[in-house]
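Below: the structure, in structure tokens.
A short reminder: the numbers here are calculations on the coordinates, not readings from a lab. The structure displayed is predicted, hence computed values, not measured ones. When we count neighbours, we look across all protein chains shown, and the Cβ atoms used for this are built from the backbone with ideal geometry, even at glycine.
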Amino acid sequence: MSSPCRNPERRVDTLRLPAIVLVTWLAIGANEASAQHAPPAPDADRGPNAVSVSGLFPGGSAPPPPDPIGQRFEGNKEAIADGKELFGQMNCSGCHFNGGGGMGPALMSGHWRYGGQIDQIYSSIAQGRPNGMPSWQGSLVPSMIWELAAYVKSLPETAPASPTVVPGTDIKP
Amino acid sequence: MPSKNYAATRYSAMDEINGANVKNLQVAFTFSTGVNHGQEAAPIVVNNTMYIVTPYPNIVFALDLAKPGAPMKWSYQPRPATASQGVACCDVVNRGAAYSDGKVFFNTLDDNTIALDAETGKELWKTKLGDINTGETITMAPLVVKGKVLVGDSGGELGVRGWLTALDVNTGKIVWRAYATGPDKDVLIGPGFHSFYPSDNGTDLGVKTWPTDAWKTGGGTMWGWIAYDPDLNLIYSGTANPGPWNQEQRPGDNKWTTTLFARDPDTGAAKWALQYNPHDEHDYDGINEQILVDMTVDGKPRKVLLHPDRNGHLYVVDRESGEIVSAKPYGYVNSILQIDLKTGRPVMNPDKLTKLGTVVRDICPTASGLKDWNPSAFSPVTGLMYIPHENLCMDWKNVQVSYIAGTPFVGAEVVTKAGPGGNRGQFTAWDPVEGKAVWTIKEDLPLWSGAMATAGGLVFYGTMDGWFKAVDAKTGELKWQFKTGSGIIGQPVAYRGPDGHEYVAILSGVGGWAGAIVSGDLDPRDPTGALGFNGVMADLKAKTAPGGTLYVFSLPKS
């Protein structure tokens, strides 16, 4: 069911992981050791330094600068592919499906309740959000959350231009 | 109670509004609930007061029908946990309240049952019955039987272990709880249990018909309807789908999911069970309504219940023994070849069984069934059952899923599509004695509203683009319709107002599983969204917008 982890930045401290995630990680990361890439510094071992969810900055203050880790993950094909896999394995797809939403909001629409920058998406996944988004920071390590954020961030860009028309069945009444 | 009576007929004996004058029906008053999600509740009327429960945040409104314009008498805000919205599978709906002995009972999405003083709205007791962190929610309308409030849970898409619980009406204390899976002592199966069919008898089948421990996350929730026969002292309710949807992860019959139970309301003890869909592969929950009627079968009077199952068959079941009298398809079905009356089990079509990694195409009916939760009505005058339902098929692919508490436990990728003929909905008048449709109305959109029949020879229902309709009970001829502000997925009711006249009420506000694309602002470019409903409902966003308004109709004052 799973393929080797593609992203060389996947850094997992197994001691910090709950059992259920550890099982998943061992399954998907079994071949990671064979990855030959050298990890670029700094390690993706933390979330963004500072995130603002609001677009209002009183008194002329400025939004926090984009986090350099996030900038490396954004648009990174390997990270997006690994994030997509995690998106299924962590049951994110059970709520958001392939981006169209269901129990959770659509993620392919380009409308973001809590911000569409990769560090804002990271924060939504890590902290959870009050209207039903679970908090994953106790279950996933930062590199996994960055991968998920990279995948989620990519969804509007890869979405089809128009609604998928589902033809009715060919069966005759 | 939302079902009108314990037999759940949804038949009103009032006839002031009838086929001759219904064309004059007009709005008497409206009321905004302020909540723009799927309005599935039935307004209930007691002592000149109307009680409404909204979708999450489950506000209860009492309206004073004795005053002009029916002003608010009181409102009550339970303020459920906001996070509960994230574990509700199919919009944040609520199917209504129940009244008994001066109290109003209702459930909240975050698993509380609450009793209010019907006169003042004061909270009398509040009992927590479940945990949103295991995926449990409550959406059903409770039923009060013999001093007990009966409540069941939702969450069959999150690996919840289903249950039905009885609470004391005065204290809110739990009197009994019957689980749908697990050992007999948890299911309340004891010496008095005897099912009609051999495969529904045995010891601890709620454990043995599952892989090790899978029953603990096996679903079988009870989010639908309960009926009660006071003479037999039995309550009837069905359980929902097994979890996960991917059947390959749970070999066995998966008892007691998709199962009709007859239970003693005093103790919860099961008298018999009938598993509609052993080892369900298609999400065919067994929670749809049971309408209790006495009818003549082969010259003999029988006490039966009528149950239009998600699997597309209209079950006529002997409500004393659990024997299936007949089970015929009330629309297009190809996933099941027939119901074997010797075993009580469906004979499955091997071509429509689901497989890992393979898309099985054109399974009919779809996951939400030939009919979902929205209740039918039965008129003793015509002898017909009025079934608002769907005509949808699906493509289904199993995918491996891991159980993570509080997250979806589904394991299937589904794309729903219009059924044969292209009409996604259908309204069928069904003769349960003959086992055939008498007339049908094709509807473009799936029907997600309930039905109500009246002695005025009319049947009322609503459509997902907002039309509230009255049709002739004998012929199906459209007699009147009114366009409400949003799509209708609620339950029509009729009541006698303080002025002695007949009124008809409906909540308008689209949502629910089929309407989540509008109420949840989902993206139609992903047809798998909303458990496969997004694609087939892509046009709904262009036909209606979210809403939440009560409409009450009456004839002009002469």
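Filter the cross-link list B:Lys23/B:Lys436; B:Lys271/B:Lys303; B:Lys128/B:Lys148; B:Lys442/B:Lys469 down to pairs whose alpha-carbon distance in this structure exceeds 21 Å. Those over the limit are B:Lys23/B:Lys436. If you take all other residues with their beta carbon under 9 Å from the beta carbon of B:Thr463, and give Lys and Arg +1 and Asp and Glu -1, the sum is -2.
Sorted from fewest to most neighbouring beta carbons within 10 Å, what does the list B:Trp256, B:Trp513 look like? Write out the running numbers ahead of the final one.
On the way: B:Trp256 31, B:Trp513 24.
Fewest to most other Cβ atoms nearby, the residues stand as B:Trp513, B:Trp256.
Footprinting exposure proxy ranking of B:Arg263, B:Arg525, A:Arg129, fewest other C-beta atoms within 10 angstrom first, gives A:Arg129, B:Arg525, B:Arg263. Counting only other chain Cβ atoms within 10 Å of each residue's Cβ, the peptide A:158-168 averages 6. Cross-link candidates for B:Lys73: which lysines have Cα within less than 18 Å, leaving aside residues fewer than 8 places away along the same chain? Of all the lysines, those that pass the test against B:Lys73 - Cα under 18 Å, at least 8 places apart if same chain - are B:Lys103, B:Lys122. In order along the stretch B:234-241, the phi-based Karplus estimate (6.51 cos²θ - 1.76 cosθ + 1.60, θ = phi - 60°) of 3J(HN,Hα) comes to 10, 9, 10, 8, x, 9, 8, 5 Hz; Gly and Pro are listed as x.
Straight-line cross-link partners of A:Lys84 among the lysines, defined as a Cα under 25 Å from its Cα and at least 8 positions apart when in the same chain: A:Lys153, B:Lys355, B:Lys397. Computed 3J(HN,Hα) for the stretch B:457-466, one whole-Hz value per residue from the Karplus formula 6.51 cos²θ - 1.76 cosθ + 1.60 where θ = phi - 60°, is x, 10, 10, 10, 7, x, 10, 6, 9, x, glycine and proline marked x.
Dipole size in debye (nearest 20) for the stretch B:11-554 around its Cα centre, Lys and Arg Cβ +1, Asp and Glu Cβ -1? Show your work: numbers first, answer last.
On the way: 46 positive and 58 negative charges, 48 e Å.
For this selection, approximately 220 debye.
Its Cα centre serving as origin, the stretch B:435-558 has a Cβ charge dipole (Lys and Arg +1, Asp and Glu -1) of approximately 300 debye. With point charges of +1 on the Cβ of Lys and Arg and -1 on the Cβ of Asp and Glu, referenced to the Cα centre of the stretch B:11-554, which listed residue (B:Gly34, B:Gly224, B:Leu447) lies farthest in the positive direction of the dipole? Sorting the options by dipole projection puts first B:Gly34. Taking amide H positions as placed in the peptide plane 1.01 Å from N, state which residues far from B:Ser12 in sequence (5 or more) or on other chains have amide H under 5 Å from it. It is B:Ala453, B:Thr454, B:Ala455, by chain and number. Under the classification rounded if a/c is under 1.5, otherwise prolate if a/b is larger than b/c and oblate if not, where does the stretch B:92-233 fall, given a ≥ b ≥ c as square roots of the Cα gyration tensor eigenvalues? Note, shape of the stretch B:92-233 comes out oblate. Going by a ≥ b ≥ c, the root eigenvalues of the Cα gyration tensor, does the stretch B:11-554 fall in the rounded group (a/c under 1.5), the prolate group (a/b larger than b/c) or the oblate group? The shape class here is rounded. Amide H to amide H distances under 5 Å link B:Trp448 with B:Met464, where only residues 5 or more positions off or on other chains count and H is placed in the peptide plane. One Cα centroid belongs to the stretch B:154-224, the other to the stretch A:89-127; the line between them spans 35 Å. Considering the stretch B:103-146, its Cα convex hull presents a mean projected area of 3.4 nm². Taking other C-beta atoms within 10 angstrom as a stand-in for reagent exposure, B:Leu143, B:Leu292 fall in the order B:Leu292, B:Leu143, fewest first. Ranking B:Leu540, B:Ala83, B:Gly322 by Cα position along the charge dipole of chain B, where only Lys, Arg, Asp and Glu carry charges on their C-beta atoms, puts B:Leu540 farthest toward the positive end.
Under 16 Å Cα-Cα from B:Lys255, which aspartates and glutamates qualify once same-chain neighbours fewer than 8 residues away are excluded? Hits, sequence-local ones excluded: B:Asp184, B:Asp186, B:Asp200, B:Asp204, B:Asp213, B:Asp280, B:Glu281, B:Asp283, B:Asp285. Simple point charges give the picture: +1 on the Cβ of Lys and Arg, -1 on the Cβ of Asp and Glu, and for the protein assembly as shown a dipole about the Cα centre of about 700 debye. Pairs from the list B:Lys185/B:Lys300; B:Lys479/B:Lys543; B:Lys328/B:Lys352 with a Cα-Cα gap above 25 Å: B:Lys185/B:Lys300.
The string of couplings for the stretch B:276-289 from the Karplus curve (6.51, -1.76, 1.60, θ = phi - 60°) is 5, 10, x, 6, 3, 10, 10, 6, 8, 3, x, 8, 4, 5 Hz, one whole number per residue in order, with x for Gly and Pro. Under 5 Å between amide hydrogens, built in the peptide plane, is the criterion, and for B:Leu392 it picks out B:Thr366, B:Gly419 among residues at least 5 positions away or on other chains.
Once R0 is set to 22 Å, what does the formula 1/(1 + (r/R0)^6) return for the Cβ-Cβ distance between B:Lys67 and B:Glu16, expressed as a FRET efficiency to the nearest 0.05? After rounding, the FRET efficiency stands at 0.55.
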